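Beneath this line is the structure, given in structure tokens, with notes to follow.
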Amino acid sequence: MKYAGLLVMPAGFFLTVAALVLFPAPGPRAAFVVCGLAVEAMGLAVAVRGHMHRRGEERP
Amino acid sequence: MTEASFALTLALLLLAPLAIAGMALINTGLGRSRSAAQALLGNLAIAAIAAIVFAFVGASLSGVAGGPGFALYTGGKLWGWIGNGPFLLGGFGAAADHAQLATIFEFWSVAMAALIPWGSGADRFRLAGGCAVAVVLAAFVFPLFSFWTWSGGWLAELAANFGLGTGFLDPGGAAAVHVLGGLSALAVVWIAGPRRGKFPKEGLSTAMPGHNAVYVLFGCFVALVGWLAWNAAGAILWLQAPLASLPVTAVNTILAACAALTATFAVTRFRFGKPDASLCANGWLAGLVASSGCAAVVTPGKAIFAGLVAGIVTPLMVELLELALSIDDPSGAITVHAAAGLWGIFAAGLFSATSGQLVAQLVGAAALLGVVLPVVYLLFALINRFIAFRVDPDGERLGMDLHELGGGAYPEFVIHRDESYR
């Protein structure tokens, strides 16, 4: 799960970069950049969740 | 660059290492007494290794503005992604004034970025692991982001290519130093795991307070001096700010730190009944980190606001990471450097009057989260297979000083009870 989260984060980044190229108008561009960040935030949440599970199983 | 600018920037850059010294004191004070010598030696060793590796490889990949580099041609635009300068600082003596000063700035930056994960791994992170992290950051990760931001890479060219403000702004290194270091700290903490006994199977997490609040609070004062120099030098180098604007940058740096400390003081007083010294120190640092992103481009009132937000969020986020997310970060670096740094670069866009600046700052934040964190995590996980980050259980129980150095920092102290026996 942690690796899935870490793979989703670059996907959000590429969405952000795509927004720069595909949307010359400021409004849609800003909206898609924010969407890219939201995807990254979701990936981060999944990665955090994955590490929490691991800690729960292997608490030193 | 005029002679006056050159002389002033050089003088500022010679003061900037005080920020690193302050950070080293804070990292040491927030760890336990039986790991104090290892912690401080680690700070010194990591800074040294980061500087050497950066001189060998990193400075070449980091490049200089207008210098040679590799670029991709996509979407009708050139995307500069990494520099291609001479290795081992070849031709440094004959380089232009600005390039020489920029390289010195990057030396301190890479040392600072490499120190940040060391504080988060306190009390269980081996010296060899810390040095390996420094090598990775100095050889590849920092130069990559530094080129994007400071040396004409695609983030710096967002203005020319896409009309976004003046391009991604990071005059004091909030992104290239602090967010990068903070995200590396998160990766280290995930890979190394928590200290023994920190999260027992039953009940709440165990409190493991720093061993020396005096080091921590004195480190805050030392760091302020370095940060003032750092932000002023960054404004000259990366924004071409006139000398007359530097007093505002300095005042903003001070105000952001003071506002953050005041806010953290109030929040901890409200939450716990008494102000918490280590969290207040974290708040102070968070204000300084936020100022790295915005002090050179905002007014004093907005700098106070930036500091207040950083100071309010810091204690709450430290608590959230520890209690809700089981992240054991003794120095609070993930909050102080990653979160406050992200807020600093966001504030620089939020308060900018230039059209598109906020989007440029968001794109920079997306690059940090979407590229830097996955890359450092995967690289660190790979290194951890060959050079274990975490000390063995007996070493952790004994203390990093005795285990790694053979002698303690305070040989006359009474040994404390071990929390891991709880």
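Every number in this text was worked out from the coordinates using simple rules, so none of it is lab data. The model shown is predicted, which means the values in this text are computed figures rather than measured ones. All Cβ positions, even for glycine, are placed from backbone atoms using ideal geometry, and neighbour counts span all protein chains on display.
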Rounded to the nearest 10, the angle in degrees between the Cα long axis of helix A:2-22 and the longest principal axis of the Cα atoms of chain A comes to 10
Taking B:178-188, B:209-219 and ranking on average Cβ neighbours within 10 Å, highest first, one gets B:178-188, B:209-219
To the nearest 20 debye, the protein assembly as shown has a Cα-centred charge dipole, built from +1 on Lys and Arg Cβ and -1 on Asp and Glu Cβ, of 820
With -39,500 (n - 2.57) per DSSP H segment of 4 or more residues and division by the full residue count of chain B, the 222 nm estimate, nearest 500 deg cm²/dmol, is -18500 deg cm²/dmol
Shape call for chain B, from the Cα gyration tensor axes a ≥ b ≥ c (a/c under 1.5 means rounded, otherwise prolate when a/b beats b/c, else oblate), comes out prolate
Here FRET efficiency (C-beta to C-beta, B:L88 to B:A45, R₀ 25 Å, nearest 0.05) is 0.75
By the mean-Cβ-within-10 Å protection proxy, highest first, A:41-49, B:337-345, B:190-198 rank as B:337-345, B:190-198, A:41-49
Among B:F389, B:F70, B:F147, the residue with the largest mean-square fluctuation in a Gaussian network model of chain B built from Cα contacts under 10 Å is B:F70
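Do the sum for chain A: with -39,500 (n - 2.57) for every DSSP H run of n ≥ 4, divided by all residues, what is the mean residue ellipticity at 222 nm, to the nearest 500 deg cm²/dmol?
Result for chain A: -31500 deg cm²/dmol, rounded to the nearest 500.
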In nanometres, the difference between 0.36 nm per residue of separation and the alpha-carbon distance of B:D97 and B:F270 is 57.2 nm
A student asked for the Cα radius of gyration and Dmax of chain A in angstrom ought to give 15.0, 53
For peptide A:16-26, the mean count of other chain Cβ atoms within 10 Å per residue Cβ is 5
Mean per-residue count of partner chain Cβ within 10 Å for B:140-146 equals 0
Connecting every pair of Cα atoms under 10 Å apart in chain B and solving the GNM, the largest mean-square fluctuation among B:G234, B:G395, B:G332 falls on B:G395
So for region B:139-264, using the alpha carbon gyration tensor with a ≥ b ≥ c as root eigenvalues (a/c under 1.5 gives rounded; past that, a/b versus b/c decides prolate or oblate), I'd call it oblate
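Nearest 0.05, what FRET efficiency do B:F413 and B:R385 give at R0 = 41 Å with Cβ-Cβ as r?
So the FRET efficiency works out to roughly 0.65.
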Here, B:T2 and B:Q240, labelled 7 Å along Cα→Cβ, have an inter-label distance in nm of 1.5
Hydrophobic long helices for chain B, i.e. whole DSSP H runs reaching 27 angstrom or more by Cα along the axis with Kyte-Doolittle mean at least -0.5, come out as B:97-120, B:213-239, B:246-272, B:300-319
Violations at 32 Å Cα threshold for listed pairs A:K2/B:K198; A:K2/B:K77; A:K2/B:K274 -> A:K2/B:K77; A:K2/B:K274
Percent relative contact order for chain B, counting Cα pairs under 8 Å at least six residues apart, stands at 24
Mean-square fluctuation maximum in Gaussian network of chain B, Cα pairs under 10 Å, restricted to B:K201, B:K77, B:K274, hits B:K201
Normalised Cα Rg of the protein assembly as shown, dividing by 2.2 N^0.38 Å with N its residue count, works out at 0.92
Between the alpha carbon centres of region B:252-301 and region B:1-80 the gap in Å comes to 24
Here region B:9-128 gives, from Cα atoms, an Rg and Dmax in Å of 17.3, 58
Averaged over the residues of B:369-382, the number of partner chain Cβ atoms within 10 Å of each residue's own Cβ comes to 5
